Amino acid sequence: MFALNRRELIEQRLKKTILVVSNDENYSSIEAILNSKGAYSNFHENRRKIIEIINDLDNSQVFNKEYLINMLYANTITILESYHSDTFIQTVLSNDVYIRNFVETFHDYKKETLKMTDIYINYESLSVKVTKSMMDVIYHNIDKVKGMYNDTLAVSFPKDLTKIFLAIKNRHDIVHRNGRRVVDKSKRRTSTGLDDNVPLLIGCYCQRIMFAS
C-alpha cells in the first residue's frame, strides 16, 4: 500500500475535523465555511447585492428609508466579518505551517499548560481545537484579527484603518443602540456613511488583504 502524500493527509484531517466540529451545534457552520468556493467571491457578490439595493432605494419613494439603510449598513459590516473569518479559517486549516503558527501565537493559548503524557491525545484533536478557537473569534474586532493575520499568515492589513474602524463603530451603534451615539444620544446619520461608499471602501480593503495573502 502506498503511503498517503501530504495533501491527502491534510484532506483526510479536514474531513475528520468537519465531521467532529459540525456535530457541535455551536460550530455547525464550519462545513459551509470550509466547503465555500471562495471567501472573496462570496464577499464580492454580497457587496454587489447591497449596492444594488442602495441604488434602488435612491431611486424610490420607500417610506422610512432610513431604517432600511441602517440594516444595509449593518449587513455591510457583517459580510466584512464573514470575509475575515472564512478567509482565515480556510487558509489556516489548509496548511500545517499555518496551524502551527496559530497555535504558537494565539493569545488565548498562552496561559494553557500541557503534561507530557497528554501530548499525543492533544495532538490528535488539535485541528478540532484550533477550528473551534478560530470560530469563536469576533471577526469585526480588527485589532485582534489583524494580529492573527500577521502572526499566522504573515499578511499585513492596510496601515490606515480609520474609516474601517468608524464604519464598525457605526454598525455597533445601529445594532445595539438603534443608531444613537453614546455621548450625546443624538441620532447617528448612518445614511451619510452609505453615501460615502462604505461598501466600496470595505471592498477595496478586503481586496488588498486577498492580494497580500
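Every number here is computed from the coordinates shown, using simple stated rules; none is lab data. Note that the structure is predicted; figures quoted are calculated from it, not measured. All Cβ positions, even for glycine, are placed from backbone atoms using ideal geometry, and neighbour counts span all protein chains on display.
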To the nearest 0.05, what FRET efficiency results for S28 and N59 with a Förster distance of 45 Å applied to their C-beta separation? 0.70
When Rg is the radius of gyration of the Cα atoms in segment 103-166 and Rh is its Kirkwood radius, what does Rg/Rh come to? 1.08
Quick check: Cα centre of segment 118-175 to Cα centre of segment 53-86, how many Å? 24 Å
Segments 71-78, 83-90, 16-23 sorted - mean Cβ within 10 Å per residue, highest first: 83-90, 71-78, 16-23
Extending each Cα 7 Å along its Cβ direction at Y123 and E45, get the distance between those two points in nm, one decimal. 4.0 nm
Distance in nm between label sites at N35 and E104, each 7 Å beyond Cα in the beta-carbon direction? 3.4 nm
